[in-house]
Structure formats: structure tokens, C-alpha cells
Amino acid sequence: MLNWEFKIPGINTFKTMRVPKQRFLIALQLVFLAALSYGQAERVPTQRPNIIVILADDLGYGDLACYGNQINQTPNLDKLAQGGIKFLDFHSNGVVCSPTRAALLTGKYPQSTGITGVITAKSHRNVGLDTREVLLSEILKSNRYKTGIVGKWHLGYDTLYSPVKQGFDIFKGYTSGNVDYISHYDQENYFDWWLNTDKSDEKGYTTDLITQHALSFIDQNKDSPFFLYVAHESPHAPYQVRESKPERNGSPDYKPEPVANKKKVYGQMIGIMDEGIGRIMAALDEHKIAENTLVLFVSDNGANEVGSNHPYRGHKGQVWEGGHRVPAIAYWKGVIPSQTSTELLLTMDIYPTIAELTGSKIPNSVCLEGRSFKNLLLNKQYKSPERPVFWGFNNNAAVRKGTWKLLREKNQYYLYDLSKDPGEVTNVMDGFPAQTKELRQLLDTWEKAKSAIPAKS
């Protein structure tokens, strides 16, 4: 029998051993595989990664298969969740559309920007996010990133507030809260499909167009760092699939056909969005940039009654958990190890995270309220210090610190320990006066400070 001779480390010295050739080869293979695995899990990410933020509209915590839904088919998002971080305690800053979008792009509570509610097509056509705000798109553009948004803007109808005047190189999509998926008319029957600051009479199903333009942006910018904001309409109403007839055509006299089974169509809309996300991920692989691209997927608020926020109470427009605890996934091929995270995070945390990951400078004049979770993305052992977080909509509000949540709805207060009662079933305020007092003081102080900022919506 042939013997191979090699050296292995001892405690204090090296010892020479003689082993059979077969054992040596097996040992060598194991060492190689271990090294390969370590290299993949611990690969140092590039200093200028591409960033893709995908924002679903009105998607509930329980609407995806990877979050327990037994009906909706979402294989591509399931794959991202399985291969990246599935967040279990991620929250939208708002319980309706516009506030969360303001928080995403400013890194602040929406109340700090004046965007406290929906910028409606009917009553807020001259309202928009203050152009003096320094948006995430602007700091990335200053860092020589190509920047694009496809889909829903909802931070101002007037071209004064256009994304291309606030750090985005290109905008293809719509400005309102929702458009007809087929005809692209908004709730007030204004045609609402744009290329930058010009209306564009582009035919096609909205979700498919958003995917198509996302793919074009990736193809055109694959050789340089880019930031792509994919703001899907799905699964927001109107409930339409590719074969549906328009529900709006610009005429107030038009009478659409009623939707027979909204829940079924809702699930199909989610499936079409998932299909498009799969195409985006395939494009990253095709262009060989997947290992240089961070993909963040999140919803802008909880679902309405058509969708599912299971196992949480409440829905869109409410400060119960179902109104703001949302599905969220982070995927970065070869960089982020597969895991679930119970870290308490909010939409406004995305801004400082991306800024830190990309080395983009935040001006000294910008006072962020979010905080970076970069270390969580790159180190699954990371745990951030505790902080209180807040929500507010109309006269309802909530504060969370640790596992304790104090909520006010219709001037009635409720206290829950979410570690024991995540469904917010039993109000324990009377049994925990110290926690109630502390959280009430925190909420009162926060609301007083934010009330000094004029609300625009």
C-alpha cells in the first residue's frame, strides 16, 4: 500500500504522520469543501454593491407562502426567503401608502416630513414631499450610482415633485395611490402613466410593465453601480389580472363589471408580481451581478380585509400589528447566510443601512431617525440596542419598546406584551402600571414633538 506523508498542526509543534493514500484524499476533500463553504458564507462584500428595493403595495404579513399562506403561490419570494434573511419583526413606518414611502426615502418618521397620511388623488394634487429633503436616491447619485424608480411614486402629483427632480435618473410609472392595471387611470379618472415628467401612453398590465422596465434598467446599468427602486402596485386594488377589463377609462359614466371573487384575483395578482421578481433575479444571474447585488423586499403596510395579516390583529389603516408588521426579505447571493431574524426594524432603517453599505455620504444637515442594520445583514449574531419606536395615523397611535406595546385607538388605551400575546388579544394595562406609565410618557413626548411639524396629508 502506498503511503502519503504530510504534516498536521499539533498543540505546540508539527508532527509527521503516515496515513493511507485513500484516507489522505478523503481528508483533503473535506478540507477543500469546508474552505469553499466558509468562503461563500463569509465572503467580504464589495464596497459599492448594486441595490434593489422592491416594495409591494398592501401586501399582508400572511400573504406569502414563506410566511405561512396555504393558497397563494410565491415560489420566487420563497426562494429569496430561504436563501437570505426572512424578517419576523419588520414594520412599515406607516399604516397607509404615502407615509411609508416618505420614510423609506428620507430615513425619518413620516411625521417628520409632514406626510402623515395618504396623498390622495382627489384632495392633495398640489401636495408633495418637501423637495428640500435629502432623499436616499440623492446621496446615492452623489456617490456615482445610477438611480431609477419603476412603478408607484405617491409622493406628489405635480411634476415639481417628480422623482427625476429628487435624485432619480429615470422614472417610469405612476404618481397616484393606484391606477387601473389595464388603462392606467387613477381614482379620479386622470391618466397616470409617466416617463420622467411626460405622460406616456404605454400599453400593458401594470405589474408586467414594472417588471419590464426594471429588467431594462438592470440591462442598461449592469456595468456600473446602480440603485433600483421597484415600487409594485400589486396587490393593491383595483383587483385585476392580465385578462381583466378596465375598471376606469377616463369617463365618470363608465360602469365596470364587478369582480366576482376578489380573494382569488388578489392571490393571482401576488403570483404575477412573484413571477416578475423571479425574472429580475434571473437577470442578475444572467448578467453575473447577483453576488454584487443586495435585494430588499418589503411591503408598505399591512393588507386590507381582502388579504391576510395572520396571525396578527388589524389591517391597513390601523396601528394594531396587522396594520404595520409586514413581510420583509433580504437576499445577497454568497454574502447573506440563510436565517430568520427577530430584530425589530422599520422602513426608515433602510436608508442608513444602504448609505453605510455603499459608503454614501449623508450630509451633516440630515437628521436621520432610522438606524443602520448593515451589521445584521453581514453577521447573523448581531443584536442592536433596544429603542422605542412609534406609529401614528389620524388620532390613533402606538409605541413599542422591547416586547411591550402601548396602543391608542379611538381614545382608548391598550397594553400588550407581544412576547406572550402577539395577537393583541388581552389588554393588560391595569396589571402593569409601571410599563403603562413609561410608554404613555414616551408616546406623549413623541406626539407633542411631531405635532409641531405641519401635516401635508
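Please list, in chain and number order, the residues 5+ apart from K146 or on another chain whose amide H is under 5 Å from its amide H, with Hs placed from the backbone.
Long-range HN contacts for K146: F226, F227.
With +1 on each Lys and Arg Cβ and -1 on each Asp and Glu Cβ, how big is the dipole of the chain about its Cα centre, in debye rounded to the nearest 20? Don't jump to the answer; show the numbers that get you there.
Numbers: 53 positive and 48 negative charges, 300 e Å.
I would put it at about 1440 debye.
What's the extension gain from K437 to N189 if we count 0.36 nm per residue and subtract their Cα-Cα distance?
84.4 nm
Taking 35 Å as R0, compute the FRET efficiency from the Cβ-Cβ separation of N375 and R144 and round it to 0.05. Don't skip to the end; give the middle numbers.
Values: r = 25 Å, r/R0 = 0.71.
Efficiency, from the Cβ-Cβ distance: 0.90.
Projected onto the charge dipole of the chain (+1 at Lys/Arg Cβ, -1 at Asp/Glu Cβ, origin at the Cα centre), which of G322, W193, Q47 gives the Cα projection farthest towards the positive end?
After comparing all options, I get Q47.
Assuming R0 = 45 Å, can you tell me the calculated FRET efficiency for the pair E275 and K448, based on Cβ-Cβ distance, to the nearest 0.05?
Taking R0 as 45 Å, the efficiency between E275 and K448 is 0.45.
Could you check the spin-label model distance between Q82 and K165? Points 7 Å from the Cα along Cα→Cβ, value in nm.
Going from the Q82 label point to the K165 one covers 4.7 nm.
What full-extension length gain, to one decimal in nm, is calculated for E291 and K410 as 0.36 nm per residue of separation minus the Cα-Cα distance?
38.0 nm
Just how many % of Cα pairs in the chain lie over 28 Å apart, if you round to the nearest whole percent?
52 percent
With r defined as the distance between the Cβ atoms of D417 and N249 and R0 fixed at 51 Å, what FRET efficiency is calculated, to the nearest 0.05?
0.50
Would you list the membrane-span-like helices of the chain, meaning whole DSSP H runs whose alpha-carbon atoms span at least 27 Å along their axis and whose mean Kyte-Doolittle value is at least -1.0?
Going by DSSP H runs, the hits are 21-41, 262-286.
Would you check segment 317-457 for Lys pairs whose C-alpha atoms are within less than 13 Å, ignoring same-chain pairs closer than 8 in sequence, and give me the count?
Taking segment 317-457 as the scope, the lysine pair count is 4.
Could you work out [θ]222 nm for the chain from helices alone, using -39500 (n - 2.57) per DSSP H run of at least four and dividing by all its residues? Round to the nearest 500 deg cm²/dmol.
-8500 deg cm²/dmol
Rounded to the nearest Å, what's the spacing between the alpha carbon centres of segment 305-319 and segment 151-218? Just the number, please.
For segment 305-319 versus segment 151-218, the Cα centre distance is 27 Å.
Which ordering of C66, C367 is given by a fewest-first count of other beta-carbon atoms within 10 Å?
Going from least to most buried by this count: C367, C66.
Bear in mind that the values in this text are calculations on the coordinates, not laboratory data. The model shown is predicted, which means the values in this text are computed figures rather than measured ones. In this analysis, Cβ positions are derived from the backbone assuming ideal geometry, glycine residues included, and neighbour counts consider all displayed protein chains.
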